Amino acid sequence: VPPSAAPAPAPVAAASPGWLNARDFGASGSEYSTTATTVAGAKEIAVAAVGDFQVGQGVMVSECHPRVVSQTLWGPRHAVVMGRPLQGKAELRGYDGTQGDWVILLIDIPEGGKAFRWSEDLARTWHPGGAVGPDWQPLRDGLEVRFSEHDWEKGYTVAFSCRGQLVSAIAAIDGTTVTLRDAPSRAVAAATLRHCDDAALQAAIDEAVKTRTNLHLPNGRYRDATLRRMTMLGHSGFAERDQCGILRTQGSSYFWGFGAKGCNAVTISNTRRVLVEDCHGRRMATECFVSGSRSRGLPDKPTQDHSQSTVYLRCSAIDCGRNAFNDVTAGSENTSVIECRIVDVGGCAWEGASRFVKFVGNYVRNAGTVAMGNLGVANRDATFPALGAGQHLVANNIFESTVPYGGAAVRAAVGATQVHITHNTFVNFNSSAVHLSGSSDPTHYPAAQAVVAGNLFDMTAVDAAPVPRTAIDISAAQVIVADNQILVRGECDPAVTALRLLEPAVDIAIHDNLIRNCGQGLACGRASSQVAAVIDPRTFTLGRRFLPLDHRLETQLQGWQIAWLTGGRAEALSTVEGITGASGTDPVTVRLAAPPERLEAGRSFDALPPQSNWNLHDNTIADCRQPVVFDIYGSPTTIFRNNILTRGATSGVPQAILVGGQVHLLGNHLVGFDEPGSAAVSLQASACRQTARSRIRDNVFSGCAEAVRDAVGGLWTAAVVAANAIVEPAVAAPAG
């Protein structure tokens, strides 16, 4: 920068009485930079113009201090192991700054450990490497790597982070000679000197917290820091979301790009009460706003310093590679994200296992999931059995367009309980909207106890071709879905499922919803679980599972049945004597009443409760290609009653209700299914609980080509059938 362009030093604004001023700690808030000439080992540098630089301020000088700042090892493969110190297991040499001011090198060693590949763009492209061994192997431009003895054959990924800049402070200024606190290690003819306020801002914040004093930041631009009414700029945006997220390496199977090259806007840890207001993050590679806290503790051993209230008010996260808002622990309480704007975010809009969260009044477009839960053995604390975790209120938000990460706009999973999703609007939504997951595994818990009410789902695809998507997807237990409207504007979209409900979820109430123009209105199916390991002929541990387990109960699900699957079809039944282990960290164990014919690791099965307690009533389903499908086992308490189903203008509708399993159809009105070959009710056989055990009574079939189609024969006559009214049918119901 020529001297004529150098600004005058900014005046130091005085803080109000009783306030600290960040300028007094050396914060500049300036964007000014200038060129500099450095000499290796000399603290004195020559600058083109001093500009607003002052003694005591933090600075950074590009290209003049090459070094490896981080070396981490990820893996082994098939294990969730975050980056840990490399400890000399591999070495890098040859970085001198000419290869770039910030170079991230990934060395990827697949299972077998014979040869490696490498990347310098966070796994977008890979280059072939050499042998994994003690000899130096060339990469590019003088960079070389070698390996010491290690169990490389298990599969690993190594990350080296190389920086060329020197971060220091100004010790003296004499004309155009600036003396730094630290000496650069490399001579550079045209380096860049710029302000660096990190240390000054952190010192000011530390003093404000220590003395319980307000902190004033004069107007300016502060790098990598945050306070009220600030904008923070990182280095990786929405276009780089693949480099910030999980990388598809052949070595480690769990590698996040932001672990090698990250930046946050705001980080909060173990702070009792925090208000972050009108703060804005852009291009953050890691979580934009992130917090975490220890737990409140037990009554006899309370924790004094834990997060009791964190409020993000009118903030924004826009054009970010990863999450917008995040709470990484189960211990934080009362975090609120209120009236914030989240746009073009490559990770979650919100992710948290914490307690009593409010996500209210926000605008979200092209951002990832509002992810509630993520709770498992690793982040569970001693208060979990008494307090639970993942309690959320998600209300009065606008969700628009698509979800680039996470599959659904709002998800309660792995441990989230006591969740309310109410009065949200989904606009022109070409992704799935709400997912309540009952899935769990050996290290995570299932979600349960949720209310989805008063929402409006406009699932119309406007800006792109329609993709398969579901408005409300439920496999969790203890769920109420009520007073929602789910629609597609214009013609029926066969890619949309309005409501999906999967067994073996129990205690489900779905009522007073309005559904229109969807490919499937209400789709009921099955979710299978899997044997992890066999202990004895009638005892095994669980792997992947969809079971409504309660961590407070030592033994549970006695009397349930297991349908063993072969090729996705039920072959045989077993009865559960009891399931244990869900209350601790030991493997969950299933004990059967008798040995099955074939019990082996990896075998899939469906779990059948004695009573499902599904009460599906007073819904209106119109103009859908498949209005209602029951591809389930069902139970004596699976009831579909007082619903209205109409074909409307949608063509190609095979039937109003497909019944496979024990489902009781009571008092429903089915109108206008009059196309040739169409039926009001189609009965098909169920693998274990036969459709014939259903009760079908007090229904009205009006203007239907065929009232009832019995695909097998004998199902209608064997069912408990009474008082059904057939109005102007083309074909009468079967006898009986």
What share of all Cα pairs of the stretch 233-378, in percent, falls into each consecutive 5 Å distance bin?
2, 11, 20, 22, 19, 14, 7, 4, 2, 0
Here the Kirkwood hydrodynamic radius of the stretch 154-222, Cα-based and in Å, equals 16.0 Å
By average Cβ neighbour count within 10 Å, what is the ranking of 493-502, 408-417, 187-196, 41-50 from highest down?
408-417, 493-502, 187-196, 41-50
Give me a comma-separated list of calculated 3J(HN,Hα) values for the stretch 702-719, in order, Karplus coefficients 6.51, -1.76, 1.60 applied at θ = phi - 60°, integers in Hz, x for any Gly or Pro.
10, x, 9, 4, 9, 5, 9, 10, 9, 5, 9, x, x, 5, 5, 5, 7, 6
Taking Cα centroids, how far is the stretch 83-155 from the stretch 158-224 in Å?
31 Å
Diffing the stretch 319-332: the Karplus 3J(HN,Hα) column from phi (6.51, -1.76, 1.60, θ = phi - 60°), in whole Hz with x for Gly and Pro, holds 6, 10, x, 10, 5, 7, 10, 8, 10, 8, 10, 8, x, 5
Please list, ordered by chain and number, the residues whose modelled amide H lies under 5 Å from the amide H of residue 223; skip anything fewer than 5 residues away on the same chain.
197
Measure of compaction for the chain (Cα Rg per 2.2 N^0.38 Å)
1.14
In whole percents, the bins of 10 Å from zero upward hold the Cα-Cα pairs of the stretch 251-301 as 19, 36, 28, 15, 2
For the stretch 558-645, what is the relative contact order in percent, using Cα pairs closer than 8 Å and at least 6 residues apart in sequence?
27 percent
The stretch 323-459: mean projected area of Cα convex hull, nm²:
7.1 nm²
Quick one: Karplus J couplings for the stretch 487-497, per residue in order, coefficients 6.51, -1.76, 1.60, θ = phi - 60°, nearest Hz, x for Gly and Pro?
8, 10, 6, x, 7, 4, 9, x, 7, 9, 10
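So what is the relative contact order for the stretch 323-368, in percent, with contacts set as C-alpha pairs under 8 Å and at least six apart?
49 percent
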For the chain, with all protein chains present and a 1.4 Å probe, just round the carbon and sulfur fraction of the accessible area to a whole percent.
51 percent
Which order do you get for 392, 617 if you rank them by accessible area with a 1.4 Å probe, largest at the top?
617, 392
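Which whole-number percent gives the relative contact order of the stretch 583-733, counting Cα pairs below 8 Å spaced six or more residues apart?
17 percent
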Could you sort 443, 369 by their accessible area in this structure, using a 1.4 Å probe and putting the largest first?
443, 369
Given charges at beta-carbon only (K, R positive; D, E negative), |dipole| of the chain in Debye
600 debye
Any idea what angle helix 198-211 forms with the longest principal axis of the chain, computed on alpha-carbon atoms, 0 to 90 degrees, nearest 10?
80 degrees
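The values are calculated or read from the model by the stated rules, or taken from the named source; none is laboratory data. In this text, all values refer to a predicted model and were calculated from it rather than measured experimentally. So basically every Cβ, Gly included, is an ideal-geometry build from the backbone, and we count neighbours across all protein chains shown. When the accessible area is computed, the model is the full protein with side chains, heavy atoms only, and any ligands, DNA or RNA have been set aside. Shrake-Rupley method; radii C 1.70, N 1.55, O 1.52, S 1.80 Å.
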